[in-house]
Amino acid sequence: MAEDPQRNFRSVYYEKVGFRGVEEKKSLEILLKDDRLGMLDIEKLCTFSQRFPLPSMYRILVWKVLLGILPPHHESHGFVMRCRKEQYKDVHHALRVIRFIKDSTPQVEVFLRIYQLESGKLPRNPSLSLEAEDEVFLAIAKAMEEMVEDHIDCYWLISSFVNQLNNKYKDSIPQLPKLLEQYLSLEDSGLLTHLKLCSAMSHLPYNLWFRKCFAGCLPESSLQRVWDKVISGSCKILVFVAVEILLTFKMKLMALNSTGKIQQFLENIPQDNTDAIVSKAIELWHKHCGTPAHSV
């Protein structure tokens, strides 16, 4: 199909005057309102999310659909969310009865206990120390709580996202450190050599970057754009965010020659330019992995 020159003209004009994403927002609205088959096109929503940042007003809806919290059928959304709400309340009540939660329990811990009970992993005693997977859950829960106002929506997004990481990406996430080294060697072999000489490559904060998907590392606005890509089908974006962090702070890292100091710095990177880091990371991801085609 021939491209619409008028549409292209508007896109260029909007970008020049600072209204980036206007055409993309209109495209997403068309996808969300397309009821010719009475259902959302999941494949097109995934492709859109891979290619463009999701507008904030539609992000939660798209995440809920892509994570399977809501079905693709429009007419079922209200009923399904009512069921989700009742399920949440029932489990919440059960946890209060068995005294695993109370009024003073932090909300993210409530989410964890609900998830543990739902998945059959509730410990015998609430005072038992947390497992490593629980720490990952809590990190993601804290980040998601900043993005989502409604507690019930928030719980289902957390639990579904964690399940995606534990199931769909179970075999991929352990391979990400190797991919990080591969792509860093292509982008800056000198920096890679320095990190290897310092024995830092095997001690980078991989748990924070890959297992927790940068929860607790990037602020909300930057993290949402990364999670758009993960939720819509690509955990490899995490590698390119890590690469771009290393490239952005190259001068600082080259001045450090201690594994511990390098690790400490990377676990607490400055927060003032993370949006630029994510933008460059997405460009790098598209450069190496291609840009998905998109048509409405």
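The values are calculated or read from the model by the stated rules, or taken from the named source; none is laboratory data. Note that the coordinates shown come from a computational prediction; the quantities given were computed from them, not determined experimentally. FYI the Cβ positions are ideal-geometry reconstructions off the backbone, even for glycines, and counts take in every protein chain you see. Note: accessible area is taken over every heavy atom of the protein model, side chains too, but ligands, DNA and RNA are not part of it. Shrake-Rupley method; radii C 1.70, N 1.55, O 1.52, S 1.80 Å.
The one condition from (1) part of a helix (DSSP H, G or I); (2) touching a helix residue (DSSP H, G or I) at 6+ places or on another chain (Cβ under 8 Å); (3) surrounded by 15 or more Cβ atoms within 10 Å (Cβ to Cβ) that Phe100 does not meet is (1). Checking each residue in the range 111-127 for being surrounded by 13 or more Cβ atoms within 10 Å (Cβ to Cβ) and without any contact (Cβ under 8 Å) to a residue 24 or more places away in the chain picks out Arg113, Gln116, Leu122, Pro123. Filter the range 159-211 down to residues that are free of Cβ contacts under 8 Å to residues at least 40 places away in the same chain, among the polar types (S, T, N, Q) and either part of a loop (DSSP other than H, G, I, E, B) or in contact with a helix residue (DSSP H, G or I) (Cβ under 6 Å, 6 or more places away or on another chain) (or both), then give me how many there are. Going through the range 159-211 one residue at a time, the tally reaches 2. Select from the range 259-293 the residues that are among the acidic types (Asp, Glu) and assigned to a helix (DSSP H, G or I) and list them in ascending order. Once the filter is applied, which keeps residues that are among the acidic types (Asp, Glu) and assigned to a helix (DSSP H, G or I), the range 259-293 yields Glu267, Asp275, Glu283.
Only one of Lys229, Lys252, Lys236 is without any contact (Cβ under 8 Å) to a residue 60 or more places away in the chain and of a type outside the set (Asp, Glu); which? Being without any contact (Cβ under 8 Å) to a residue 60 or more places away in the chain and of a type outside the set (Asp, Glu) holds for just one of Lys229, Lys252, Lys236, which is Lys252.
Among residues of the range 70-97 that are within 15 Å of Ile42 (Cβ to Cβ), those with a Cβ under 7 angstrom from a residue that is basic (Lys, Arg), sequence gap 6+ or separate chain, pair up as Leu70/Lys64.
Within the range 212-231, take every residue that is open to solvent by 10 Å² or more (accessible area, probe 1.4 Å) and in a loop (DSSP other than H, G, I, E, B) and give me the one that is farthest from Ala276 (Cα to Cα). Here the residue is Lys212.
Taking the residues in the range 128-158 that are assigned to a helix (DSSP H, G or I) and acidic (Asp, Glu) as candidates, determine which candidate is surrounded by the most Cβ atoms within 10 Å (Cβ to Cβ). So the residue we want is Asp153. Are any of the residues in the range 46-67 surrounded by fewer than 19 Cβ atoms within 10 Å (Cβ to Cβ), hydrophobic (A, V, I, L, M, F, W, C) and over 23 Å from Val230 (Cα atoms)? Looking for residues that are surrounded by fewer than 19 Cβ atoms within 10 Å (Cβ to Cβ), hydrophobic (A, V, I, L, M, F, W, C) and over 23 Å from Val230 (Cα atoms), one finds none in the range 46-67, hence no. Just one of the numbered conditions (1) small (Gly, Ala, Ser); (2) over 23 Å from the mean Cα position of the chain (by Cα); (3) surrounded by fewer than 17 Cβ atoms within 10 Å (Cβ to Cβ); (4) at pLDDT 95 or above is not true of Ser202: (4). Here Leu247, Leu253, Leu284 are screened, and the one residue that is crowded, with 16+ Cβ neighbours inside 10 Å, under 16 Å from Cys198 (Cα atoms) and of a type in the set (A, V, I, L, M, F, W, C) is Leu253.
Against the definition (polar (S, T, N, Q) and within 23 Å of Lys25 (Cα to Cα)), how does Thr248 come out, yes or no? The answer is no for Thr248. Of the residues making up the range 1-22, at least one is surrounded by 16 or more Cβ atoms within 10 Å (Cβ to Cβ), modelled with pLDDT under 90 and not hydroxyl-bearing (Ser, Thr, Tyr). Checked against the criterion of being in contact with a Ser or Thr (Cβ under 9 Å, 6 or more places away or on another chain) and open to solvent by less than 20 Å² (accessible area, probe 1.4 Å), the candidates Ile237, Ile269, Ile262 yield just one match: Ile269. Checked against (1) at pLDDT 90 or above; (2) at positive phi, Leu54 meets all criteria but (2).
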